[in-house]
Amino acid sequence: MAVNTANSATARAERPRRVTILGSTGSIGQSTIDLLRRNPDEFMVEALTANRNVALLAEQAKMLGARYAAVADPADYAALKEALAGTGIAVGCGPSALVEAAEYPADLVMAAIVGAAGLEPTLTAARRGAIVALANKEALVCAGSLFLREIAKSGATLLPVDSEHNAIWQCFDFTRVEAIEKITLTASGGPFRERALDEMRDVTPEQAVAHPTWRMGAKISIDSATLMNKGLEVIEAHHLFQLPSEQIDVVVHPQSIVHGFVTYCDGSVLAHLGSPDMRTPIAYVLGWPGRTPAPTPRLDLAKAGRLTFEPPDERRFPALRLAREALNQGGCSATVLNAANEIAVYAFMEGRIGFLDIAATVERTLEAVPAGNLESLDDVYDVDRTAREIAAGFAVPRVVAGTAGSTL
Ligand SMILES: NC(=O)c1ccc[n+]([C@@H]2O[C@H](COP(=O)([O-])OP(=O)(O)OC[C@H]3O[C@@H](n4cnc5c(N)ncnc54)[C@H](OP(=O)(O)O)[C@@H]3O)[C@@H](O)[C@H]2O)c1
């Protein structure tokens, strides 16, 4: 059992609970802050971080009375310092400042940085035994069992924020794991669910980020459009619930109302439902083991009408297949998959490659990076770096004009 609910008795019961948000200016960060502001007696803020959005970070830090604010990009340090001058809020910049933010004595750290950049600060929070509320799935995907080892060593508590995993966690009987036949993650199918492969060749970043049911950051929106997001989530679920790939199912459910379900050996299926609003799973982790009120639209099933389900199409969305193969392959494959995907997604967003090139870049990188085991976190960082370099070599525009789309 990796989702560590065993510590529920020791989770600091006093209020207010002290919270740090890594990635406070993003979509998850802002939803978290919305909940903190609505429940001011329950929570207080230790530290906040951003990549470059100094203006919003400074505003949040002042509004919440944070003790520390950090930007990842050193170029923004002076601006942050100036924006917080005279407030008594300490400021920092660069990767070490993100780690410093995670060291502040928050009871709960919301890990909401996007991508592998969030790994080190998230591990820092884990190492001091905090409750780690994990939105940053890439950190767990790229470091896998080494990440879990750090959690186990320190006795930290790992709680899933991702709506599907949060849903399954709420339905998962950790005391009778042998009675669980499988878990199922739902996927909206993204904006191109009904598009033919050929029609996806020329889609633009604007079309790809326009998610039909969820409002999210750009990278996860593109991942949802390719279904790589679901692939990353299968790997995340494998680590969180300690189940093999065969016991982790994916079903496309365009309404995004059923978030996940657990099938038991007697045929019972326990599902978690809710409106597609991340404040519901975020509220659950913030107040865990209690519950925190959230102002999310209440589910009206009669109004929702039909709920539909269909199998994912791995031919049109090969990213899901690639993620499963990486999981089954083991070793460093998931690290390579994640790194190559990050490079390819940003290349697509910058208009350097076509939409179908994202999965093609990941596949070619997986073929090019030698298989190997991850013995230490240094291995993770090495493989991540190598995979990024190799993927960047593949994720380049074609020399021949007029060949947008699958160029690889
Ligand atoms: N959004 C959702 O509904 C949702 C649902 C489930 C899981 N998640 C996961 O949660 C994580 C965050 O997603 P999001 O949608 O909130 O992303 P987002 O809106 O893009 O926000 C990302 C946050 O990370 C910061 N950041 C970006 N690059 C960074 C870097 N290199 N170093 C340090 N900080 C960096 C950003 O700062 P700036 O604002 O300064 O750029 C921002 O605060 C992702 O792993 C995603 O997969 C999101």
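Just so it is clear, none of the values below were taken in a lab; they were calculated from the coordinates. Fair warning: this is a prediction, and the values are worked out from it, not measured in the lab. For neighbour counting, all protein chains shown are included, and Cβ atoms are generated from backbone atoms with ideal geometry for every residue, glycine included.
Rounded to whole numbers, the Karplus 3J(HN,Hα) couplings from phi for segment 191-198 are x, 10, 3, 9, 7, 6, 3, 4 Hz, using 6.51 cos²θ - 1.76 cosθ + 1.60 with θ = phi - 60°, and x at Gly and Pro.
Across segment 81-89, computed HN-Hα scalar couplings (Karplus, 6.51 cos²θ - 1.76 cosθ + 1.60, θ = phi - 60°) run 4, 5, 5, 10, 4, x, 8, x, 7 Hz from first to last residue, x flagging Gly and Pro. Highest mobility in the GNM of the chain, judged by mean-square fluctuation with C-alpha springs under 10 Å and restricted to M110, M200, M278, is found for M200. Once you order the gyration tensor axes a ≥ b ≥ c over the Cα atoms, which shape class does segment 84-230 get: rounded for a/c under 1.5, otherwise prolate or oblate by comparing a/b with b/c? Oblate is the answer for segment 84-230, as a/c is 1.5 or above yet b/c matches or exceeds a/b. Taking label points 7 Å from Cα along the Cα-to-Cβ direction, E314 and D41 give a separation of 5.2 nm. Applying 1/(1 + (r/R0)^6) with r as the Cβ-Cβ distance of Y264 and L377 and R0 = 35 angstrom yields a FRET efficiency of 0.45. Taking square-rooted eigenvalues a ≥ b ≥ c of the alpha carbon gyration tensor, is segment 271-327 rounded, prolate or oblate, where a/c under 1.5 means rounded and, failing that, a/b exceeding b/c means prolate? Judged from the Cα gyration tensor, segment 271-327 comes out oblate (a/c at least 1.5, b/c at or above a/b). Note down the net charge around L57, summing +1 for each Lys or Arg and -1 for each Asp or Glu among other residues with Cβ under 13 Å from its Cβ. Cβ neighbours under 13 Å give a net charge of -1. Where a ≥ b ≥ c are the square roots of the eigenvalues of the C-alpha gyration tensor, would you call the chain rounded, which needs a/c under 1.5, or, failing that, prolate if a/b is larger than b/c, or oblate? In terms of gyration-tensor shape, rounded. Provide the net charge surrounding G372, with neighbours chosen by a C-beta distance below 11 Å and charges set as Lys +1, Arg +1, Asp -1, Glu -1. Overall, the nearby charge balance is -3.
For R18, nonlocal amide neighbours, meaning residues 5 or more places apart or on other chains whose placed amide H falls under 5 Å from its own, are M44, D107, L108. Highest mean packing comes first when the peptides 247-255, 99-107 are listed by Cβ atoms within 10 Å, giving 99-107, 247-255. E233 sits among other residues whose Cβ lies under 9 Å from its own Cβ, and their net charge, with Lys and Arg +1 and Asp and Glu -1, is -1. Our helix-only sum for the chain, with -39,500 (n - 2.57) per DSSP H run of n ≥ 4 divided by its residues, gives a mean residue ellipticity at 222 nm of -13000 deg cm²/dmol. Put simply, the amide H of V250, placed in the peptide plane, has neighbours under 5 Å in L185, leaving out anything fewer than 5 places away on its chain. Computed 3J(HN,Hα) for segment 244-252, one whole-Hz value per residue from the Karplus formula 6.51 cos²θ - 1.76 cosθ + 1.60 where θ = phi - 60°, is x, 3, 5, 9, 10, 9, 10, 9, 7, glycine and proline marked x. Put simply, the amide H of K182, placed in the peptide plane, has neighbours under 5 Å in T263, leaving out anything fewer than 5 places away on its chain.
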